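Student: A single structure is presented below for examination.
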């Protein structure tokens, strides 16, 4: 698989190098002009489905597993998109984004925190997703960073090619 381009985001003057690193994968799943997002109904937060890399797991395996766990959709990785290195507090969050397609549907397997946040899958038009994530300046610091990252990936790598 080809190497992904890298974007670096330093959100709050985080010291570099950071003492902690968290690696994750996120899936960009597009079908019929809509993108699959995970939505937390308790706090109104959207994000692309994804989460932390488990020990011994390949990046593509993590992406597929996280999409299935959060949304119930079975997905297949088509290609890598971009890696975002995001410095936040004392941690470097590295998010590997992959373009994926739906190949089936099952049931989600949410964590207790995801259940508490009311996580559910939502299909949103690409223009609506761009509008949602463009509001990163209105978000609290933790969600500002998330929305800015999602907006950057969506506008620079997805909408540019649509």
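The numbers here are math on the coordinates, done by the rules we state, and not lab data. If you're wondering where the values come from, they're calculated on a predicted model, not measured in any experiment. As a convention, Cβ positions derive from the backbone with ideal geometry for all residues, glycine included, and neighbour counts pool all protein chains shown.
Student: How do 132, 7, 78, 115 rank when sorted from fewest to most other Cβ atoms within 10 Å of their own Cβ?
Tutor: Working: 132 20, 7 17, 78 14, 115 11.
The order, fewest Cβ neighbours first, is 115, 78, 7, 132.
Student: Using a Förster distance of 22 angstrom, determine the FRET efficiency expected from the C-beta separation of residue 101 and residue 122, and round it to 0.05.
Tutor: According to the calculation, E is roughly 0.80.
Student: Would you mind ranking 85, 90 by Cβ crowding within 10 Å, fewest neighbours first?
Tutor: 90, 85
Student: At 222 nm, what helix-only mean residue ellipticity would the chain give, in deg cm²/dmol to the nearest 500, using -39500 (n - 2.57) for each DSSP H run of four or more?
Tutor: One gets -7000 deg cm²/dmol as the mean residue ellipticity at 222 nm.
Student: Next up: How are the alpha carbon pair distances in the range 7-98 distributed across 5 Å bins from zero to the largest one, expressed in percent?
Tutor: Result, from short to long distances: 3, 14, 21, 22, 19, 13, 6, 1, 0 percent.
Student: Could you put 160, 135, 34 in order, starting from the residue whose Cβ has the fewest other Cβ atoms within 10 Å?
Tutor: Values: 160 8, 135 12, 34 15.
Neighbour counts put them in this order, fewest first: 160, 135, 34.
Student: Quick check: pseudo-label points 7 Å beyond the Cα along Cα→Cβ at residue 34 and residue 115, how many nm apart are they?
Tutor: 2.7 nm
Student: Quick one: what do you get for the chain if you divide its Cα Rg by 2.2 N^0.38 Å?
Tutor: The chain yields a ratio of 0.98.
Student: Sticking with this structure for a sec: Report the relative contact order of the chain, percent, no decimals, based on alpha-carbon pairs under 8 angstrom and at least 6 residues apart.
Tutor: RCO, the chain: 28 percent.
Student: Residue 43 versus residue 20, label points 7 Å from Cα toward the beta carbon: distance in nm?
Tutor: Rounded to a tenth, the inter-label distance reads 1.5 nm.
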